[in-house]
Amino acid sequence: MNLDICWWNTRLTPPTSKFINQLTNSDLNGKFEEIINKIILERPLDLIILCEVYKRDAPLIKKIATANKMGYRMIAESVSGVYYDFAIIYEKTKIKINSTSYIDESNSFEQQLRIGAIVDVNFDNINATLFLSHWNSEMFNGQEKKEYCAGKLRDKVNAKFKKGKMNIILMGDYNSQPYDNIITTTLETTKDLDIIDKRPRVLYNPFWRNLDSRSSSHFYPGSYHYKSDAYDKWKTYDQMMFSSSFITGNPWKLDIYSPEIHNKFTGLSFKFIDVFDHIPIYGRLSK
């Protein structure tokens, strides 16, 4: 049995009051729906995590889920003045959502930060925890805020481990590359499977391999296209990270070659990169 996962920062409703209070953009909604229906048609997907969506997008997400005979859950709330902006579309025969919550904390300057949402799920009778994150960009002291978020998120991961809850997946738009210190050192992640074997609380980050240039199976050299960067327009900001239980297979096991960025969009009514700046990413669990 496989469980195929997708994460996509959609750009539908960025998490600020400016966008949340705007009228919905029917043209953008139509293009979003075209993309979701296309990727569901092209590959089996059991768990789709959407980012930059909010309550106003719920009817559209429900429509897509219903058309594909899937369930959906909005994880979109204003928590202490911070907007969380996620939704989940999921295969009801394989996945159950047990609970959702938010990491509701502020730093010493009393700045409320969007650290992450916690989703406790059941994958075919095996419990797991998803941590969903959408962190600040480099603007407005973004680096310092991301460092704080990474530390607090790691604290929550450690708390799960201490309770014996070892099946953990982190997914998000971290506005950081896989090699940045906040990802490697603060979140305690690695691309080295030997380290995972010896240090089981270190998280495995397979998205290092998506830093390379284009190839026949890898059209986009990153998951995020930043048009204004004169030196490197492509960043691998969107990532999935897995606890060691998914490497050893207990019983779900990550197909270590499955994590990837969507290869190329063809047959659309528009050019993808002219409308969306983040590319969907994927991973697969098997048992």
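Got at least one residue in region 240-250 being of a type in the set (V, I, T) and farther than 14 Å from I279 by Cα?
Scanning region 240-250, I find at least one residue that is of a type in the set (V, I, T) and farther than 14 Å from I279 by Cα, so the answer is yes.
Out of the residues in region 195-248 meeting the condition of being touching an Asp or Glu at 6+ places or on another chain (Cβ under 9 Å) and of a type in the set (D, E, K, R), tell me which one is farthest from K287 (Cα to Cα).
Looking at the filtered set, the residue picked out is K227.
Take the residues in region 168-196 that are touching a helix residue (DSSP H, G or I) at 6+ places or on another chain (Cβ under 6 Å) and assigned to a helix (DSSP H, G or I); name whichever of them is nearest to L254 (Cα to Cα).
Among them, the one singled out is I196.
Going through region 147-178 one residue at a time, which ones are over 20 Å from I75 (Cβ atoms) and polar (S, T, N, Q)?
N158, S176, Q177
Within region 197-204, identify whether any single residue is assigned to a helix (DSSP H, G or I) and buried (at least 19 other Cβ atoms within 10 Å of the Cβ), and answer yes or no.
No: zero hits.
Farther than 21 Å from K163 by Cβ and hydroxyl-bearing (S, T, Y): is that true of S101 in this structure?
No; evaluated as a whole, the condition is false for this residue.
Does any residue in region 174-202 that is closer than 20 Å to A159 by Cα come within less than 6 Å, Cβ to Cβ, of a residue that is assigned to a helix (DSSP H, G or I) and of a type in the set (F, W, Y) six or more places away or on a different chain, and which pairs are these?
What qualifies is R201/F161.
Counting only residues that are of a type outside the set (V, I, T) and within 13 Å of the chain's Cα centre (by Cα), which one in region 114-135 is surrounded by the fewest Cβ atoms within 10 Å (Cβ to Cβ)?
Step by step, filter region 114-135, then rank; the result is F131.
Residues in region 253-263: is at least one out of contact with any Gly (no Cβ under 6 Å at 6 or more places or on another chain), assigned to a helix (DSSP H, G or I) and more than 26 Å from K31 (Cβ to Cβ)?
The answer is no; no qualifying residue exists.
Out of curiosity, is L113 in contact with a helix residue (DSSP H, G or I) (Cβ under 6 Å, 6 or more places away or on another chain), farther than 24 Å from K156 by Cα and in contact (Cβ under 8 Å) with a residue 24 or more places away in the chain?
The answer is no for L113.
Could you list, in sequence order, the residues of region 16-61 that are of a type in the set (S, T, Y) and either closer than 17 Å to F272 by Cα or at pLDDT below 95 (or both)?
The answer is T16, S17, T24, S26.
Which one is surrounded by the fewest Cβ atoms within 10 Å (Cβ to Cβ) among residues in region 83-96 that are touching a residue at least 60 places away in the same chain (Cβ under 8 Å) and not in a loop (DSSP other than H, G, I, E, B)?
Restricting to residues being touching a residue at least 60 places away in the same chain (Cβ under 8 Å) and not in a loop (DSSP other than H, G, I, E, B), the top hit is I95.
Hey, could you check region 149-180 for residues that are under 23 Å from H278 (Cβ atoms) and of a type in the set (F, W, Y) and say which is surrounded by the fewest Cβ atoms within 10 Å (Cβ to Cβ)?
Y179
Select, from D46, D57, D104, the only residue that is within 17 Å of A128 (Cβ to Cβ) and of a type in the set (D, E, K, R).
It is D46.
Being crowded, with 22+ Cβ neighbours inside 10 Å and of a type outside the set (S, T, Y) is true for just one of L41, L12, L28. Which residue is that?
On inspection, the qualifying residue turns out to be L12.
Take I273 and tell me if it is exposed (fewer than 14 other Cβ atoms within 10 Å of the Cβ) and of a type in the set (V, I, T).
So I273 fits the description; yes.
Give K69, K55, K18, K62 a once-over and let me know the one that is at positive phi and free of Cβ contacts under 8 Å to residues at least 40 places away in the same chain.
K69
Can you find, within region 264-274, the residue that is nearest to the chain's Cα centre (by Cα) among those that are in a loop (DSSP other than H, G, I, E, B) and of a type in the set (A, V, I, L, M, F, W, C)?
Per the stated criteria, the residue is F265.
Counting only residues that are assigned to a loop (DSSP other than H, G, I, E, B) and in contact with a helix residue (DSSP H, G or I) (Cβ under 7 Å, 6 or more places away or on another chain), which one in region 120-166 is modelled with the lowest pLDDT?
N136
The values are calculated or read from the model by the stated rules, or taken from the named source; none is laboratory data. These figures come from a predicted structure and were not determined experimentally. Glycine gets a Cβ as well: all are built from the backbone with ideal geometry, and neighbour counts include every protein chain shown.
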